[in-house]
Each structure stands twice: as C-alpha cells, then as structure tokens.
1. If I ask for residues that are outside any loop (DSSP other than H, G, I, E, B), more than 19 Å from the chain's Cα centre (by Cα) and not charged (D, E, K, R), which ones from the range 30-71 would you list?
2. Exactly one condition in (1) of a type outside the set (G, A, S); (2) at pLDDT below 95; (3) surrounded by 17 or more Cβ atoms within 10 Å (Cβ to Cβ) is false for T5; which is it?
3. List the residue pairs whose Cβ atoms are under 6 Å apart, where the first residue sits in the range 42-53 and is closer than 10 Å to V123 by Cα, the second is of a type in the set (D, E), and the two are 6 or more positions apart or on different chains.
4. Evaluate the range 75-84: report whether one residue or more is surrounded by fewer than 11 Cβ atoms within 10 Å (Cβ to Cβ), in contact with a helix residue (DSSP H, G or I) (Cβ under 8 Å, 6 or more places away or on another chain) and at pLDDT below 90.
5. Hey, could you check the range 101-115 for residues that are on the phi < 0 side of the Ramachandran plot and not in a helix (DSSP H, G or I) and say which is surrounded by the most Cβ atoms within 10 Å (Cβ to Cβ)?
6. Quick test of your reading of the structure: L56 fulfils all but one of (1) without any contact (Cβ under 8 Å) to a residue 24 or more places away in the chain; (2) in contact with an Asp or Glu (Cβ under 8 Å, 6 or more places away or on another chain). Name the failing condition by number.
Amino acid sequence: MTDRTKRTSGTLWGAAAWAVGVLAVLAGLPPAASSRLPERLATHWGEGAPDGSMPLWVAAVFPALVWAVLVLSIAIAGRRAGAPARAWIGVSLLSGGVFLAGAQASIVRANLDRAEWRDAGSVGVGMAITAAVAVVAGVLGWFAGRRVERPV
C-alpha cells in the first residue's frame with residue numbers, strides 16, 4: 001500500500017466517522033434531553049419569537065435525515081468527480097456537520113426547561129456562533145482536502 005493510498009484510506013475513514021458522529025448528535029440530542037423538554041420543540045423563529053414547532057421525535061429525526069441525504073449526495077458526487085472534488089467534500093462535510101449540529105444544540109438549548117414550545121428562548125446568539133464556526137470548519141476542510149490531493 002502506497003503512502004498516498006494510506007492517506008486516502010485514512011481520509012475516507014475519517015469522513016465516515018465524522019458522518020456517523022454528526023448523525024448520532026443530531027438524532028440523539030433531543031431524546032437525551034427529553035426529560036427537560038416540552039413535547040413539541042420550537043424549531044422556527046420569526047421576529048424574535050418562536051413561530052413554528054415539531055414533535056420531539058421529528059425534531060430529532062428530520063435533521064438526521066437532512067444530514068444523511070447531504071452525506072450520500074456528497075459521496076455520490078465525490079465518486080463521480082474524483083480527486084479534484086476532495087477539497088469541496090471536506091468543506092461540505094465539515095461545515096454542514098458543524099452547522100446542523102450547532103443548530104440542533106441551539107434549538108435544544110432554547111427549549112430546555114420550558115413548559116411549551118411558545119415559551120422557548122432565542123437561538124440568535126447560538127446560531128451566529130454556529131455559522132461562524134461552520135465557516136471556520138469549512139476553511140479547515142478546504143485545506144485538509146487540498147493537502148490530500150497533493151502528490152507524494
């Protein structure tokens with residue numbers, strides 16, 4: 001096995017571990033905190049107040065499904081595009097995973113210890129931090145992907 005093959009294999013295992021880890025966070029966070037959450041979670045805010053909700057189980061499953069579709073789409077596109085797409089794969093996986101996990105954490109935090117979803121707190125600061133960290137993660141994914149592309 002060449003050094004390049006080892007690097008590529010390690011990258012694939014790392015991407016798979018990341019995908020499974022993010023999926024576990026997305027699907028597991030709401031049920032893990034369910035004893036402190038209302039039956040429905042505020043999942044959409046408009047003009048500073050919650051204006052949309054989902055049952056707890058949907059709030060866990062929906063983002064996990066979005067993530068699964070994103071990961072499968074990236075895998076299919078990456079197989080078709082080959083090596084030039086690897087940097088974009090890193091950008092998409094890292095920034096998408098960080099953004100979705102951060103959004104899920106912000107939603108759960110906003111709903112913690114609330115009697116009903118209409119009482120949920122704001123997600124503004126949490127989402128701003130999440131967006132900034134997702135951009136940084138995307139940049140790191142770009143550099144990591146570019147590093148893997150370099151010939152040995």
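1. S34, S35, W45, G46, A49, P50, G52, S53, P55
2. (3)
3. Close Cβ pairs (under 6 Å, with a partner that is of a type in the set (D, E)) amount to H44/D51.
4. yes
5. Restricting to residues being on the phi < 0 side of the Ramachandran plot and not in a helix (DSSP H, G or I), the top hit is R114.
6. Checking L56 against (1) without any contact (Cβ under 8 Å) to a residue 24 or more places away in the chain; (2) in contact with an Asp or Glu (Cβ under 8 Å, 6 or more places away or on another chain), the one that fails is (1).
The values are calculated or read from the model by the stated rules, or taken from the named source; none is laboratory data. Since the model is a prediction, treat every value here as computed from it, not as a measurement. For neighbour counting, all protein chains shown are included, and Cβ atoms are generated from backbone atoms with ideal geometry for every residue, glycine included.
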